[in-house]
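All remarks here apply to the structure that follows.
Derivation of every value follows stated rules applied to the coordinates shown; laboratory data play no part. This one's a predicted model, so the numbers in the text were calculated from it and none came from an experiment. A quick note on method: Cβ atoms are made from the backbone with ideal geometry, for glycine too, and the neighbour counts reach across all protein chains shown.
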Amino acid sequence: MKPFILPFFLLVLGLNNLTAQEIAPTLPTPGMPTAPILSAEPIQALDKAAEQAQRELFEAAEKGNATNAAPATPVTNGPVVITTDRKTTFATPKMEDPASWPKDSERKLAVMEVSFGGAVETVMFELYPNDAPMTVSNFMDNCETGSYNGLAFHRAIENFLVQTGDPLTADEGARDRWGTGGESKTIPAEIKRAHRKGSVAMGRRSDKVNPGRKSNGYQFYFSLGNYGSMDGKYTVFGQVVSGIETLEKVAKMPVDSNDCPIARIEIKSLKVIDHKGPLYASEQRTNSDGRKYSKPTAAKGFVERFLERVW
């Protein structure tokens, strides 16, 4: 072998090995809700481009559905398939009005106080223990121990999702690692329900390193649209019943290159209560998504109950 060929061969081999070590463990599947693990700038750019392309595909599909879908009979869960001479589309299932819940019905209701912009707003979502018993049990344990209190929203993408629950977000100094925490505990996949606007689901690592699709033990996200392409991939364990407009405002906040809100937006408190009967509409203004609902008495603090009595 000629003298100059051997060094060149060793150099090429070394570069190949370095590339494999840098990319293989960190490059996530494009478009997944779990936040990407930070790595070299070229990897971030590639992931960002793939995610943007996926999001544009989602938005184009939703716009097409809104324009071309014909009326359909509502169902409790899952899309309605509509076939016409031109194409097949999916209609959004009609949301159940919490004010119409039967008086003898009993539900697990999560009440989350979100603090941002100098205000505190309430988001309430129903849990599905029958469809995702292990996931709901784990989530309730986290709430009971106060694990979510004080954690920040670490991912916000307008018209797509907002994500929170990473224990690392309690530390502002660990911002460069936000979105990678909570992997010390995982929950088996319980994939049954579809992604529709307001669905609450657990984050997880990609299929490449997590073929069983186990959920992260802490991180969860809210879907801000009806994304059938994510069905069958993530465990949906709840549905927002009030406060979706608050989550949409969070999704519109300025973010950095990793879709992390620049200003801190955090969970002030998150508790799960047993709620019986309907939810009652509050006197607050409504929006295009319907009425807002008053917090159940069991979810109100001492000060709130005192003020109600005084006024």
**Request:** Take the cross-link list Lys197/Lys252; Lys214/Lys268; Lys185/Lys271; Lys233/Lys276; Lys108/Lys233 and give me the ones stretching past 22 Å between alpha-carbons.
**Result:** Lys214/Lys268; Lys233/Lys276; Lys108/Lys233
**Item:** Net charge dipole size for the range 208-281 [Lys, Arg +1 and Asp, Glu -1 on Cβ; Debye, nearest 20]
**Value:** 240
**Request:** Scan around Gly198 for amide H atoms under 5 Å from its own, H built in the peptide plane at 1.01 Å from N, and keep only partners 5 or more places away or cross-chain.
**Result:** Ser223, Leu224, Gly225
**Complete:** Among Gly217, His195, Gly181, the residue whose Cα sits farthest towards the positive end of the charge dipole of the range 181-223, when +1 is placed on the Cβ of each Lys and Arg and -1 on the Cβ of each Asp and Glu, is His195
**Fill in**
Length gained if Arg177 through Glu158 is fully extended, taking 0.36 nm per residue and subtracting the Cα-Cα distance, is 4.7 nm
